[in-house]
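Beneath this line is the structure, given in structure tokens, with notes to follow.
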Amino acid sequence: MTRIRVIPVLLVQNGGLVKTVKFKKPIYVGDPLNTVKLFNDKEVDEIAVFDISATPNNRPPDFTLIAELAGECFMPLTYGGGITSLEDIRKLFNLGVEKVAINSAAVNDRKLISSAASMFGNQSIVISIDVRINLFGKHRVYSHNGSKNTGYDPVNFAVEMEQSGAGELFINSIDRDGTYMGYDLNLIEKIANAVQVPVIVCGGASSVTDFGKAVLKGASAVAAGSLFVFHGIHKAVLVNFPSQEILKEKLYSIKSF
């Protein structure tokens, strides 16, 4: 039985917890610190926190908030948002963050990735890759919270990031973010077949069944946002997470799919 990591993703904007749809129209859903405390009790494998207001506002990570989150987090914590230097990464690790997710800075600064991997170990360096389908039906990598088209093909970019020292790749589909449409399985398969490092996928999950489909296409771990903070057809805010019994039945025994 293979244990698949299932990762709640928390989006932080100006200190508050929000949820987006296709990276737009953020809706306030609560306090990130309280949400982390709730996930502590739900046997979560690890958690990822992304500050979506840092890079667009050209500011560094909110180290005070991160220290509070890391202090309350009983599971491994990945943080992304506003990371531009080795000193940022060092501070985050000193605060108790286990992995850092680098997005926009990875586009123009390959040396930051290789230096960080060399200094801190590639297992702690995650490259977050936001992908959108352009007007011509092509997948392209976007940076700065999905606002800038880099022109990169995501498969080629993923390979470059692995070669630069990334220990994991976090693939997020902008088009499916918050839609419950299911993961972009075609994209997952292409990237997973092109790299050797673990691939984490996010964007569009509606159920544990979607997790299984992604794993069959090569995902090493699955992540979701809306699925774990909303409940029911009216999307009431309710922090939730599948029980270990459900995960064992429908996900860990992946041959059942």
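Less than 25 Å apart at the alpha-carbon level, and either on another chain or at least 8 residues along: which lysines does that give for LYS250?
Straight-distance partners of LYS250: LYS42, LYS190, LYS213, LYS217, LYS235.
Pick out which of ILE191, ILE233, ILE52 has the largest mean-square fluctuation in a Gaussian network model of the chain, springs linking Cα atoms closer than 10 Å.
ILE233
What is the distance in Å between the Cα centres of the stretch 1-43 and the stretch 55-86?
Centre-to-centre (Cα) distance: 14 Å.
Would you calculate the convex hull of the Cα atoms in the chain and tell me its volume per residue in Å³? Numbers along the way, then the final one.
Numbers: hull volume 30.3 nm³, N = 257.
Taking the convex hull of the Cα positions in the chain, it is 118 Å³ per residue.
A short reminder: the numbers here are calculations on the coordinates, not readings from a lab. Source: prediction; values computed, not measured.
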